[in-house]
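Shown next, in structure tokens, is the structure this report addresses.
No lab work stands behind these numbers, since they all come straight from the coordinates. From a predicted model like this one, the values you see are computed outputs, not experimental measurements. Positions of Cβ are generated from backbone atoms using ideal geometry, with glycine treated the same way; all protein chains shown enter the neighbour counts.
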Amino acid sequence: MEELTKLAEVFDEREAKEAWEACCAKDFERYRGLDSAQREAVVNAARTMLQTRSEIASLAPDGSGKKAPAGKQSIIEGEAWKLALEQGKLVQREVEAVMRNAGEGEPASSTSDDSFLSGQEQGSGRWFQLRASRLTASAFGNAIGFWRGGRNELWEEKLGLREGFAGNEATEWGSKTEDEAVAVYEAFSRKKVSHLLFHLLSSDEAELWIGASPDGLIGTNSAVEVDPLTGASEPGGVLEIKCPFNKGDPLHAKPYAKVPWYYIPQVQGLLAVFDKPWCDLVSYTVNGGVAIYRVERDHEYWAVMYSCLSDFWWQNVVPGKHALAAGGDVEKYRPSAEHPMCQELKRRSRVIADASQTTWLAPDRVASLRESMRRDES
């Protein structure tokens, strides 16, 4: 209820402020039954309405001559209230569907009777919608400040001040080659990769702002599997595919010599969101061979990074959104170029990258696996 009383700030006259403060608690009592997403939507709608219109039209739009509901009552009885409730229901369905889909690492939408996640393939409209209002693993590096200008650009995207990244030739190449890379990995490792396309860090309302979508899950959430190559028992992991574009010449690309340190925020984020102990990050090239880097989970790294991500979200993005909705000063919430812990996380990223073990597949070995796959398909 505290956030509702603050709506009085949009009035210029003292009498109007006092009137709002005196009656909002009573008239907005039904707000107590809403979750945080619903309340935020209604408050934003109320801010916009009350700031841009000093008073609601005195007569009902139907020409009946009856007084139209004004101020706060117009929100409760009007379209803003209905839209807020619908948005709240949508968020709740989204969370429930995503979390249910996470159950046992099954392919997305394969067994669920909830159509909400249908069409959630990477790159689909639903996939982008799930990610748009959240901070996702691929953006963690920018949220910290790993790349020059990236932190401010990400902040502007989340506030709707600029278009989000829509892809380029390099990402198109990656999307085109990814399925083949997964198939080669499965053929080599003899492990099944399932596709859980989006997951939240937690179903707790306080954690709905952060999530991730991996290229695949190796094993299930609960099973401990026997590695067919080593005979050792191990829990499942996360798969992340990278297909080097080689400055526009991907057919002559070669795998990275070691894990690029700038991928570590994304990888550690995936491991935290999916609660897995390791990630196989695959550098896949068509003609230059394949490298599989085993990156282990680092809980201390995640603790530091989570704090940085929280600062970005709650100190820059969320208040920036409220300021934008209220017509206030958005710029005062613009983030600095990098978080104070950015350099420390870069250092830790390099340490993790250097410690990762690499399995190399020569070009002829990859060609042999592809040929075996083709025979199996025929």
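Structure data summary
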item: Label point distance in nm, S310-A355, each placed 7 Å from Cα along Cα→Cβ; result: 2.3 nm
item: Within region 231-303, trypsin sites (Lys or Arg not before Pro) in DSSP loop having at most 16 other beta-carbon neighbours inside 10 Å; result: K258
item: Mean shadow area of region 277-378 over all directions, Cα convex hull, nm²; result: 11.0 nm²
item: Translational diffusion of region 289-342, µm² s⁻¹ [Kirkwood Rh, Cα pairs; Stokes-Einstein; 20 °C; 1.002 mPa s]; result: 158 µm²/s
item: Rounded to the nearest 20 debye, dipole of region 285-361 from Cβ charges on Lys, Arg, Asp, Glu; result: 120 debye
item: Förster radius 30 Å - calculated FRET efficiency between N287 and E234 (Cβ-Cβ, nearest 0.05); result: 0.45
